[in-house]
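In what follows, a structure is listed as structure tokens, so that the remarks can point back to it.
The values are calculated or read from the model by the stated rules, or taken from the named source; none is laboratory data. Treat the numbers as computed from the prediction; the structure is a model and nothing was measured. FYI the Cβ positions are ideal-geometry reconstructions off the backbone, even for glycines, and counts take in every protein chain you see.
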Amino acid sequence: MDKLLIRGGRRLQGEVTISGAKNAALPDLCATLLSPEPVTLANVPQLKDVATTLKLLANMGVQAEAHADDPSTITLDATRVHNPEAPYELVKTMRASILVLGPLLARFGRARVSLPGGCAIGSRPVDQHIKGLQAMGAQITVEHGYIEAVVPGGADGQPGRLKGARITTDMVTVTGTENLMMAATLAEGETILENAAQEPEIVDLANLLIAMGARIEGQGTHRIRIQGVDRLHGLTPAQAHQIIPDRIETGTFLCAVGAAGGEVTLRRTDADQLEAVIEKLREAGVQIEVGEGWIRVASSGRPKAVGFRTKEHPGFPTDMQAQFMALNAIAEGTAAIHETIFENRFMHVNELIRLGAKIEVDGHSAIVTGVPRLSGATVMATDLRASASLVIAGLVAEGETLVDRIYHLDRGYDRMEAKLRAIGADIERVKEGA
Ligand code: EPU
């Protein structure tokens, strides 16, 4: 297993280009299943989760080709899908695999998708995805760990077509909204999704689907209306859908500079998508200037502690909680952090404590008392954003920090250590066996 070796204490200086958003790329890749014509996506980030999704789609018969002149542009061809199934071996490594369920049912009237297990950040059930698809007419059973879904009603015993429905999910769910929105694009009649997630990634997916011929309104609000159409068409390379910039990667670099100090310009990003994060950083005393497609961040001295409560978009994102915990660990003052989205998203706390942080957890809240210095140690990454918080802490800690199990980081950050090195961080990947 690869590790990251960080020697802390360097100021960060220069420019970073932000990659396409992981959590937009994953549903967008799955959406290509909806069309019998090739679909081209641009600004696809180079991540392990993207590779896993491509493997999952290939296993069904989807052909994918990265463009020779630009590997972040990929054309996917789902003309011949022979196997509408997502096996456990792939789903267990990436919960977002559930995103094939809606598209498969919508286009083929049947799907077999392994039930994702629990994960480091909580139990994360998919009951709302299932409930919504059932409301659209799917018959779903869970057997031997697999979701077996079929739409009855086709001629000669063949699968039928989903029917539009009004669906109110019990809670706001991001991938749940995405699955149901994709399913509804090819359903008969109108679907209304109430209590829909409003994340920018939902809007990105809706824009892709609309470009493919879907009829969708209200994306980015709590009510999304979809009029089903008979088929969706492809997108040629000239019509390629541009995936939005990764707001969490952006936020992670902002926190890194806020903690380590320095002055960095982030390019190909969008400040409008992370207002809550920028507001908190300013409250912490980090200087932030924004413009069309760029954000400049500057920081010197210790930040001020900032408390927050994670919430659905446009609230403070749970995916930035761990990175802000690292920032607070070296801040002046004490901050209370409340995690309201996931039940178990404080796995980084004990690792930060190994670096000298003062943090007390009480249920879903953590009280962080900033200390003037952290000291390098060996720590273990437990999930994607926890890994990012350990890297940030390592950048400020005195001496060497070795972050183990960085396969979590590789799942969701595009060449993070290379980008950090380019702005002056002393960070290197230690290969397994080295
Ligand atoms: N929930 C249910 N039942 C469901 C669906 C969700 O109980 O059927 C619960 C979850 O257990 C959780 C809450 O509802 O407590 C919200 O979960 P949500 O469904 O919104 O999360 P998700 O769609 O599985 C996406 C992102 C996560 C991000 C969350 C919240 C993708 C691929 N993943 O997950 O990203 O934390 O939304 O914003 O979009 C990450 O990138 O590191 C990451 C974990």
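A compact table of results
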{"read-out": "Any hit, the range 421-431, residues being crowded, with 20+ Cβ neighbours inside 10 Å and within 16 Å of the ligand (Cβ to nearest atom)", "value": "no"}
{"read-out": "Residue in the range 74-88 that is within 16 Å of the ligand (Cβ to nearest atom) and either at pLDDT 95 or above or of a type in the set (A, V, I, L, M, F, W, C) (or both) present", "value": "yes"}
{"read-out": "So residue 258, is it in contact with a helix residue (DSSP H, G or I) (Cβ under 8 Å, 6 or more places away or on another chain) and either away from the ligand (no atom under 16 Å from the Cβ) or assigned to a helix (DSSP H, G or I) (or both)", "value": "yes"}
{"read-out": "Wholly within the range 107-206, strands (runs of 3 or more DSSP E) carrying at least 1 residues that are free of Cβ contacts under 8 Å to residues at least 24 places away in the same chain, touching a strand residue (DSSP E or B) at 6+ places or on another chain (Cβ under 9 Å) and away from the ligand (no atom under 15 Å from the Cβ)", "value": "139-143"}
{"read-out": "Unique residue being more than 16 Å from the ligand (Cβ to nearest atom) and either among the charged types (D, E, K, R) or on the phi > 0 side of the Ramachandran plot (or both) when the list is 385, 354, 345", "value": "354"}
{"read-out": "Some residue of the range 316-333 being within 16 Å of the ligand (Cβ to nearest atom) and β-branched (Val, Ile, Thr)", "value": "yes"}
{"read-out": "Conditions (1) buried (at least 23 other Cβ atoms within 10 Å of the Cβ); (2) within 19 Å of residue 256 (Cβ to Cβ): number failed by residue 345", "value": "(2)"}
{"read-out": "Strands (runs of 3 or more DSSP E) wholly inside the range 1-47 that include at least 1 residues being within 16 Å of the ligand (Cβ to nearest atom) and surrounded by 20 or more Cβ atoms within 10 Å (Cβ to Cβ)", "value": "39-42"}
{"read-out": "Counted residues, the range 49-87 - those being under 15 Å from residue 25 (Cβ atoms) and either in contact with a His (Cβ under 9 Å, 6 or more places away or on another chain) or of a type in the set (Gly, Ala, Ser) (or both)", "value": "7"}
{"read-out": "Total residues in the range 20-39, condition farther than 15 Å from residue 54 by Cβ and touching a Lys or Arg at 6+ places or on another chain (Cβ under 8 Å)", "value": "4"}
{"read-out": "First in the range 268-287 and in contact (Cβ under 8 Å) with a residue 12 or more places away in the chain, second anywhere and assigned to a helix (DSSP H, G or I) and among the aromatic types (Phe, Trp, Tyr), Cβ under 7 Å, 6 or more apart", "value": "280/324"}
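This table checks each residue for (1) within 19 Å of residue 332 (Cβ to Cβ); (2) crowded, with 18+ Cβ neighbours inside 10 Å.
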| position | (1), (2) |
| --- | --- |
| 227 | no, no |
| 240 | no, yes |
| 255 | yes, yes |
| 310 | no, yes |
